[in-house]
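The structure under discussion appears below in the form of structure tokens.
The values are calculated or read from the model by the stated rules, or taken from the named source; none is laboratory data. Everything numeric in this text was worked out from a predicted model, so none of it was measured. Every residue, glycine as well, gets a Cβ built from its backbone with ideal geometry; the counts of neighbours run over all protein chains shown. Note: accessible area is taken over every heavy atom of the protein model, side chains too, but ligands, DNA and RNA are not part of it. Shrake-Rupley method; radii C 1.70, N 1.55, O 1.52, S 1.80 Å.
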Amino acid sequence: MKIVKILGFVLVGLLALALIIGAFQPTHFEFESSAEIDASKEVVFSKIDNIRSWEEWGPWKAEDPTMAVVYGETTTGLGASYSWTSENSGDGSMTITESTPPTWQKAALVFDGEEGGEGWFKLEDGENGATKTTWGMAFDMPYPINAISLFTGGAMKKQIEQMFDAGLTNLKKMCEEESAVKTYRGFTVKTMEWPGKSYLAVRKTVQFADMSAFYAESFGAIMEAVGTQKLEMDGMPCGIYYQWDEEAGTADMAAAIPVKGGKPAPSGKIQPVEVPKGQCLTIDYFGDYEGVGEAHYAMDDYFNDNGLEPSQLVLEEYITDPATQPDTSKWLTRVHYFLGSPIASEQ
């Protein structure tokens, strides 16, 4: 029984020591690391505010391959969230609680079975046009558990700052590589080989104000023809533009649906159209259709900058189905400007 008494005294002594040490140790802890990134605040913030991109630059996967991430309904900006499970690092979640593009973001952190915390990113003007990017984290360690920080505080600080430094190094590399590619009004212009496609289309000269109604009516009729002819869609609905007249406010255009599985046949106002194989310049535009004009202005800037003649044929692919994606910021329209002299001709 003597040993039990001794152990009891030791435990009491340790508890008393923890109470004493805890009284002099902080209960709130903050850590920050910074990096100078040779890219605009907008480019850097876009990689931070879209939490799906964190898997590309974040340090966690490299350190913990057992980590699995599940995203919430929103993945960009205020309210964006994800949760994780890990055999090595435990489980938790993160939710963006403040988002002020392109300078500030704060997130609430939850660690299952532990106290929560918060993380933040602050973007400021750096040296020589760079963006000073600061990644921070804060959490509370309640009294008297905070006493252990006397012995583990240095190692904890080193581990967290090493994690921050690794992530910021990855983020710097990603942003600087992207910034090395010249953009136009924020868009990257890519060159691609168009494979050539067949369409069923309705072509008409349309007033700008009537385009939405024209599309709605025409796509419905074309889908009916696709079913009647037992054809298979070969992609998403498109708009084909032959001529754009700013002064008259009209466009010679076609609502078109790509098809395969047989030669499409004409059906009244619906005609088969072929966009032949060739090279084109492409911009990916995300957002409501009403804003897609900015992508076209960006392409005009590209043509002027590179001394190219205006494209004779323009095609918009409406990649995202609005019926399945209510968030207009995630609607993808792929804008193609064809090089050379391709003609979208009736077959």
Just to be sure I understand: with springs between alpha-carbon atoms less than 10 Å apart, which residue in T328, T103, T131 has the highest mean-square fluctuation in the Gaussian network model of the chain? T328
Restraint check, K132/K158; K41/K132; K106/K172, Cα-Cα greater than 18 Å: K132/K158; K106/K172
Step through the residues of the range 96-105 one at a time and calculate ³J(HN,Hα) from phi using the Karplus curve (6.51 cos²θ - 1.76 cosθ + 1.60, θ = phi - 60°), rounding each to whole Hz and writing x for Gly and Pro. 6, 9, 9, 8, 10, x, x, 10, 8, 8
Under the Karplus relation with 6.51, -1.76 and 1.60 and θ = phi - 60°, whole-Hz ³J(HN,Hα) for the range 270-286, x at Gly and Pro, equal 8, 10, x, 9, 10, 9, x, 4, x, 9, 9, 9, 10, 10, 8, 10, 10
Counting only helical runs of four or more DSSP H residues, what would the 222 nm mean residue ellipticity of the chain come to if each run contributes -39,500 (n - 2.57) and the total is spread over all its residues? -9500 deg cm²/dmol
In Å², rounded to a whole number, the accessible area per residue of the chain with probe 1.4 Å is 55
Selected from G262, G117, G72 as most flexible by GNM, with the chain as the system and alpha-carbon contacts under 10 Å: G262
Straight-distance crosslink candidates among lysines, where the alpha carbon sits under 19 Å from K204 and sequence neighbours closer than 8 are dropped: K269
Residue-wise HN-Hα coupling along the range 72-79, computed from phi with Karplus coefficients 6.51, -1.76, 1.60 (Hz; x: Gly, Pro): x, 5, 9, 10, 9, x, 4, x
List the pair-distance distribution P(r) of the chain, using every Cα-Cα distance, as the percent of pairs falling in each 10 Å bin from 0 up to the bin containing the longest distance, rounded to whole percents. 5, 18, 22, 18, 15, 10, 5, 4, 2, 1, 0
Does anything in the range 285-316 have its amide N under 17 Å from the 7 Å Cα→Cβ label point of Q279, and if so which residues? 302-313
Using alpha carbons only, how many angstrom separate the centre of the range 211-289 from the centre of the range 168-208? 19
Could you look at the chain and say what percent of its accessible area is carbon and sulfur, using a 1.4 Å probe and all protein chains? 55
The answer for T320, listing residues at least 5 apart or on another chain whose modeled amide H is closer than 5 Å to its amide H, is L332
